[in-house]
Each structure stands twice: as C-alpha cells, then as structure tokens.
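The values are calculated or read from the model by the stated rules, or taken from the named source; none is laboratory data. Remember, predicted model here, so these are calculated numbers, not experimental data. Heads up, the Cβs are rebuilt from the backbone with ideal geometry, glycines too, and the neighbour counts pull from every protein chain shown.
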Amino acid sequence: MIGSLLLAVGALATLVYGFLVWNFGHWRARGIKEPRALPLLGSFPNMVWPRQHFTMDMRDLYMKYRETDSYVGTFLLRSPKLLLLEPRLVYEVFVSAFRHFEDNDAARMVDTGKDVLVCCNPFVLEGNEWRQQRGIFSSLLTNGRIRTTHTIMQRVCRDLESTSLPRSRSRESRRTAWISGLRFSGDSLFDCVLGIQARCFNDSPLPLGRYPECQQRLYEELDKASPSKELPDLDELNDLPYLSACFNESLRIYPAGGWASKTCTEPYKLHGSHHSQPLQMLPGDNIMIPIYGLHHDPQFYPEPEEFRPERFLDGGLKRFKQMGVFLGFGNGPRQCVGMRLGLAQAKAALAAIVQRFEVRVHPRTADGLELDPYIFVGCHKGGIWLDFVARPV
Ligand code: HEM
C-alpha cells in the first residue's frame with residue numbers, strides 16, 4: 001500500500017517536473033544560446049521570489065550577453081521568450097519591421113470577451129480590433145483636443161501647488177512623490193478625458209531634487225519663459241528644451257515599464273550581427289525587450305545612474321529612439337497613443353512645481369536606484385520623499 005502510494009507520488013512529481021521544464025531546450029534546438037533557467041521560476045526568478053525587481057534579472061542577462069550575442073533564449077516561468085539584446089533589432093521589431101510584430105504579448109493574457117473594460121484598451125487588442133480601437137483613441141487625443149484641456153490642467157496644477165505649500169510656519173513641506181503623482185494624474189485624467197472632477201487633492205495635502213544644478217537650470221528656463229510665474233501655455237511648454245530633456249531623462253532612469261513583450265505575426269528573419277546565420281521568427285514566437293537594461297547601458301548613457309538631462313538636448317531624443325535604446329513611450333505604430341497628453345500633463349506639473357518651489361530630497365529617500373520588487377511598474381524602493389521650500393514671490 002505504502003509502496004503504491006510512494007510510486008504514485010513519485011510519478012506525479014515526475015509529471016509536474018516534466019511539465020515545468022518541458023519547453024526548456026526550445027531555443028537550443030533552434031541554435032540559440034539558452035542561459036540557465038530554473039523549473040517553476042524560469043529565467044527571471046525574482047518575478048516569483050522577489051529579492052529585487054524582476055526587470056533586474058533581465059538587465060543582468062542583457063549586460064552579460066550583449067557583447068557576444070544579439071539575442072538569447074529565455075523563459076518567462078515556462079514560456080519561451082527570445083530576449084533581444086541588439087538595439088538595431090529592437091528598432092526593427094518596434095518600427096521598421098512592425099508589420100511582422102504587430103501584437104503585444106499582453107493580448108494572450110487577457111480574455112477580451114469576458115473583460116469588457118480591459119478590452120477597450122488598444123494595448124491588449126490584436127489585428128483589426130487593435131487598428132479600430134487605436135483609431136478611436138488617436139482621434140480623441142489630438143493636439144487640438146489636448147490644447148483645449150489646458151485650462152483644466154492649470155486648475156489641477158494650482159491644486160498641486162497649494163497642497164505642496166507648507167502647513168506649518170516653517171517654510172518647508174514634506175511629501176511623498178508617489179501619492180502626489182497619483183493625485184495629479186487622477187485629477188487631470190478624469191477631468192481632461194471624462195469631464196469628471198475627481199477632487200483627488202481634497203482630502204489631504206501632498207511631492208525630485210538630488211540635482212539642484214539641473215533644477216536651477218530648469219527654473220531659469222521657466223523664469224525666462226514666464227517671469228510672472230503664470231503657467232506657460234501648452235505650445236510654450238513644448239518649446240522649452242530643458243523641460244523636455246528633464247522629463248525624458250526621468251523616464252530613462254525610471255521607465256514606466258522595464259520591459260516590453262511582442263509577438264511575431266508574420267515570418268521574419270532577424271539578422272543579428274553576432275550570429276553567422278539569420279534567425280527565422282515564426283508567427284506566435286515571442287520577443288522580450290529589456291528596456292531597463294537598454295536605458296541603463298553605459299555604452300549609450302555614460303554614468304547611467306546619474307541624472308543628466310543634457311543627453312537629450314540637441315537631437316538626443318531622436319538619436320536614442322533611432323538607435324533603439326530609448327523606449328520611454330515605446331516606438332513605432334504602437335507607441336503610446338496618450339503620449340502627447342502624458343507629456344502635456346507631466347510638463348505642466350513639473351513646471352508648476354519648479355516655478356514656485358525649490359525641491360530637495362529628504363534623507364528618508366533611500367540613496368541609489370533600487371526598484372521596489374513588490375511593485376510591477378518601476379518605483380523607487382521606500383518611496384521618494386521630498387521637501388518643498390517656497391521660492392520668494
Ligand atoms: C507619462 C505618461 C505615460 C507613459 C510613460 C506611457 C508609456 C506607455 C508605453 C511604454 C506604452 C507601450 C508602447 C509600446 O508597446 O510600444 C504605452 C502604451 C499605451 N498608452 Fe501610454 N503612457 C503614458 C500616458 C498615457 C496616457 C495619458 C494614455 C491615455 C489617455 C495612455 C494610453 C496608452 C495606450 C492606449 C497604449 C496602448 C497603445 C497601443 O497598443 O496601440 N498612455 N504607454
């Protein structure tokens with residue numbers, strides 16, 4: 001009896017193990033290097049067992065293999081994913097060979113038939129459904145429409161400023177950037193898109209600052225554009241190069257998504273410069289792009305942990321995008337459809353704060369750049385704590 005039970009448990013364990021490692025070897029069989037993957041955990045163990053943010057697993061693989069391979073074979077848990085390492089190929093997948101890689105992997109994870117809200121988001125749609133829904137979003141998010149929301153944005157910026165004001169007699173006010181950011185985005189998005197005043201700032205007050213010299217340069221640019229400290233209008237904000245550079249540099253250091261996942265929709269040959277033979281990609285094959293690794297590669301961004309907005313001046317943004325090493329909003333036909341609105345909001349908020357406050361980092365903010373492993377998108381571990389010192393009027 002005990003013998004049969006042990007036999008059954010052993011057979012079950014072998015079956016489970018076989019199931020977990022069934023796909024391992026998928027890439028080797030196609031002639032591609034396959035770094036070691038673990039049963040159950042795959043190539044990105046911190047996704048399941050978070051000791052650091054799991055995008056660091058991807059960054060580590062990128063840094064280890066980028067000089068010898070254009071891609072390596074990895075496994076997200078047990079699903080085979082080709083990890084692209086060569087920026088030129090990243091650009092092909094996002095832009096020049098887009099029609100071969102039209103779909104996001106997210107489409108496979110969502111049952112659009114059941115989830116009526118999520119199925120409205122182009123991000124999870126495929127083929128004609130994606131084209132149709134993208135068209136609706138694009139027509140709602142034109143420059144003209146965004147311009148008409150500027151008065152709403154001014155109101156939300158005033159709320160942001162007033163909740164940053166010191167409450168006590170001391171001239172400082174301490175806030176966490178995370179909560180402020182959520183309130184600001186909630187208030188402006190609800191009102192600009194849905195016409196609903198969410199009043200996110202009503203219940204309690206609110207937050208950048210390690211680089212005072214950058215802040216001073218930004219303040220001077222804003223002061224020159226609007227000595228009266230009125231929030232510049234959208235066109236004026238878009239004409240401020242240092243403001244754009246500060247925002248892009250922040251998005252480089254903290255990309256909203258540390259990776260992207262694309263699905264091959266038509267056969268395509270990847271010609272990696274490290275490989276003698278092209279790799280034939282077939283419909284259904286999946287590609288992962290290590291955005292965090294690319295954004296922090298010292299080959300492209302010397303001293304990548306340093307905040308240096310100057311990198312993005314004088315055509316830097318266009319150059320980095322064309323090299324395939326800047327993907328803050330993605331790239332190509334599927335790049336973020338809300339980019340212009342997102343930029344308008346972020347620039348307005350940054351300008352409104354820097355015009356009126358000197359922002360300093362409070363010691364409660366942890367040094368260095370460590371992402372919170374328990375938050376899926378990239379957030380500084382422990383939060384970003386800032387002091388707001390009102391500038392003389
Ligand atoms: C600073 C703010 C924002 C950032 C950093 C951001 C970033 C991104 C990124 C990285 C993607 C993936 C692009 C790709 O796969 O190539 C994306 C897609 C998308 N974003 Fe944004 N986004 C922002 C604001 C917004 C806003 C305000 C909206 C809507 C009002 C929006 C709507 C979308 C949609 C619908 C997609 C899917 C596009 C598609 O698959 O065709 N985003 N965003």
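Structural remarks
- Lys262 in a strand (DSSP E or B), within 16 Å of the chain's Cα centre (by Cα) and surrounded by 13 or more Cβ atoms within 10 Å (Cβ to Cβ): yes
- Candidates Ala349, Ala366, filtered to the one that is over 17 Å from the mean Cα position of the chain (by Cα) and under 27 Å from Thr142 (Cβ atoms): Ala349
- Number of residues in region 332-341 that are more than 6 Å from the ligand (Cβ to nearest atom) and either in contact with a Leu (Cβ under 6 Å, 6 or more places away or on another chain) or of a type in the set (S, T, N, Q) (or both): the value is 0.
- Against the numbered list (1) in a helix (DSSP H, G or I); (2) within 15 Å of the ligand (Cβ to nearest atom); (3) surrounded by 15 or more Cβ atoms within 10 Å (Cβ to Cβ), Asn128 comes up short only at (3).
- Options Gln280, Gln299, Gln322; residue that is assigned to a strand (DSSP E or B), away from the ligand (no atom under 12 Å from the Cβ), surrounded by fewer than 20 Cβ atoms within 10 Å (Cβ to Cβ) and among the polar types (S, T, N, Q): Gln280
- The single condition from (1) among the aliphatic types (A, V, I, L, M); (2) over 30 Å from Glu230 (Cβ atoms); (3) within 15 Å of the ligand (Cβ to nearest atom); (4) surrounded by fewer than 21 Cβ atoms within 10 Å (Cβ to Cβ) that Leu317 fails is (2).
- Single match in Ala344, Ala348, Ala352 (criterion: under 28 Å from Glu221 (Cβ atoms) and either within 11 Å of the ligand (Cβ to nearest atom) or in a loop (DSSP other than H, G, I, E, B) (or both)): Ala344
Rundown of residues vs (1) part of a helix (DSSP H, G or I); (2) at pLDDT below 85; (3) within 16 Å of the ligand (Cβ to nearest atom), yes/no style:
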| residue | (1), (2), (3) |
| --- | --- |
| Ile152 | yes, yes, yes |
| Asp159 | yes, yes, no |
| Ser162 | yes, yes, no |
| Trp178 | yes, yes, yes |
| Ser188 | yes, yes, yes |
| Leu206 | no, yes, no |
| Tyr219 | yes, no, no |
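- Residue count, region 250-276 (criterion: more than 13 Å from the ligand (Cβ to nearest atom) and either within 30 Å of Ala344 (Cβ to Cβ) or in contact with a His (Cβ under 9 Å, 6 or more places away or on another chain) (or both)): 5
- Selection status of Ser79, surrounded by fewer than 18 Cβ atoms within 10 Å (Cβ to Cβ), within 20 Å of Asp285 (Cβ to Cβ) and more than 15 Å from the ligand (Cβ to nearest atom): yes
- Considering residues of region 332-341 that are among the hydrophobic types (A, V, I, L, M, F, W, C) and part of a helix (DSSP H, G or I) only, the residue surrounded by the most Cβ atoms within 10 Å (Cβ to Cβ): Leu341
- Residue within region 85-101 that is surrounded by 20 or more Cβ atoms within 10 Å (Cβ to Cβ), modelled with pLDDT of 90 or more, within 11 Å of the ligand (Cβ to nearest atom) and outside any helix (DSSP H, G or I) present: yes
- When restricted to residues that are touching a Lys or Arg at 6+ places or on another chain (Cβ under 9 Å) and closer than 17 Å to Phe184 by Cα, region 304-353 contains 3.
- Being away from the ligand (no atom under 12 Å from the Cβ) and within 30 Å of Gln133 (Cβ to Cβ) is not true of Val389.
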